[in-house]
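Derivation of every value follows stated rules applied to the coordinates shown; laboratory data play no part. Bear in mind that the values here come from a model prediction, so they are computed numbers and not experimental data. Note that we place each Cβ from the backbone using ideal geometry, even for glycine, and neighbour counts take in every protein chain shown.
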Number of protein chains: 2
Amino acid sequence: MARAATTSDVFNAVAEPRRREILTMLVVREHEVGEIVTILRLDQPSVSKHLRVLRDVGLVNVRRNGRHKLYSTNAEAIRPMHEWTATFERYWKNQLNRIKERAEEKMRKERNNDSGNTKH
Amino acid sequence: MARAATTSDVFNAVAEPRRREILTMLVVREHEVGEIVTILRLDQPSVSKHLRVLRDVGLVNVRRNGRHKLYSTNAEAIRPMHEWTATFERYWKNQLNRIKERAEEKMRKERNNDSGNTKH
DNA sequence: TTGACATATTCCCATATCGGCATGTAATGT
DNA sequence: ACATTACATGCCGATATGGGAATATGTCAA
């Protein structure tokens with residue numbers, strides 16, 4: 001088997017940096033495809049393909065306006081990722097605490113050593 | 001160009017579901033490779049390869065213990081993902097509020113219609 | 001040293017990717 | 001009807017993937 005399809009879930013879709021840029025841009029307000037092309041300096045077919053992937057996993061919505069299509073980010077779809085990463089939050093906070101504590105421990109010891117060294 | 005390497009950044013490394021399972025498992029406490037194999041029911045070479053990817057992007061740490069190797073999740077490395085997804089939080093909250101408001105609006109209107117219909 | 005155990009790496013294959021380029025389709029204006 | 005604008009899709013090639021099977025590396029114990 002090869003790598004999972006980019007359309008298999010949000011994690012795979014968002015692995016592509018350009019798609020992350022597109023999402024960041026479209027979450028503020030909706031944009032036409034042409035605007036994405038000029039602002040992010042990508043080829044039009046490239047943008048359309050990325051939008052296709054994002055659409056397939058529900059990360060963006062489309063709306064037609066004459067010849068234009070207006071895409072916008074469906075922020076709600078990013079929530080599962082946010083929640084998955086959130087399960088690690090307490091652990092990195094613990095890691096930081098442990099680092100802090102070790103640093104303070106080291107400080108105390110060095111202070112003791114210094115006072116001892118002055119003796120000799 | 002093909003898809004970006006799985007080792008290119010945390011987003012790509014974490015796109016693989018099995019690697020997410022491994023991270024979830026190793027964040028609680030460190031485990032030997034063999035334990036990962038039996039608990040997640042994967043082939044040993046497969047686990048070693050996944051761990052290699054996770055190591056390359058700094059998502060796990062290793063420590064040798066005799067013939068065994070003890071892997072643990074470096075939770076701190078997941079933080080960038082958490083922060084990226086967090087930038088969308090206010091938007092999905094807004095979306096939810098708008099849905100709520102529309103529902104309440106609808107309720108009010110329907111109540112008005114009902115009171116009107118009783119008249120006829 | 002040899003053997004057993006634990007883990008890592010290599011090779012092969014089927015598959016999906018992304019970029020570039022060309023072409024297709026849909027809506028508008030004249 | 002036709003040309004034009006705005007997107008979408010199709011085809012190609014180079015590349016990296018993950019699974020499977022085999023093999024290599026590393027560590028301990030007798």
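Going through segment B:1-58 one residue at a time, which ones are among the polar types (S, T, N, Q) and under 24 Å from residue A:92 (Cβ atoms)?
Those that are among the polar types (S, T, N, Q) and under 24 Å from residue A:92 (Cβ atoms): B:6, B:7, B:8, B:12, B:24.
Does residue B:64 satisfy the criteria of being assigned to a helix (DSSP H, G or I) and among the charged types (D, E, K, R)? Lay out the reasoning, then the answer.
Working: assigned to a helix (DSSP H, G or I): no; among the charged types (D, E, K, R): yes.
Criteria not met by residue B:64.
In segment B:19-44, what count of residues is obtained for those that are surrounded by fewer than 14 Cβ atoms within 10 Å (Cβ to Cβ) and more than 10 Å from every other protein chain (Cβ to nearest Cβ)?
Total satisfying the criteria: 7.
Assigned to a helix (DSSP H, G or I), away from DNA strand C (no atom under 16 Å from the Cβ) and within 11 Å of chain B (Cβ to nearest Cβ), is that true of residue A:76?
It is true that residue A:76 is assigned to a helix (DSSP H, G or I), away from DNA strand C (no atom under 16 Å from the Cβ) and within 11 Å of chain B (Cβ to nearest Cβ).
Restricted to segment B:45-69, and to residues that are within 25 Å of the chain's Cα centre (by Cα) and near DNA strand C (Cβ under 7 Å from one of its atoms), which residue is nearest to the other protein chains (Cβ to nearest Cβ)?
Out of the qualifying residues, it is B:49.
Is at least one residue of segment B:79-100 more than 10 Å from chain A (Cβ to nearest Cβ) and either of a type in the set (Ser, Thr, Tyr) or not in a helix (DSSP H, G or I) (or both)?
Scanning segment B:79-100 turns up no residue that is more than 10 Å from chain A (Cβ to nearest Cβ) and either of a type in the set (Ser, Thr, Tyr) or not in a helix (DSSP H, G or I) (or both).
Considering only segment A:5-56, how many residues are outside any helix (DSSP H, G or I) and within 14 Å of residue B:4 (Cβ to Cβ)?
Qualifying residue count, segment A:5-56: 3.
Please enumerate the residues belonging to segment B:45-100 that are crowded, with 16+ Cβ neighbours inside 10 Å and aliphatic (A, V, I, L, M).
Within segment B:45-100, B:47, B:51, B:53, B:54, B:57, B:59, B:60, B:70, B:75, B:77, B:78, B:81 qualify.
Among A:26, A:51, A:59, which is the only one that is within 13 Å of DNA strand D (Cβ to nearest atom), in contact (Cβ under 8 Å) with a residue 40 or more places away in the chain and of a type outside the set (Ser, Thr, Tyr)?
A:26
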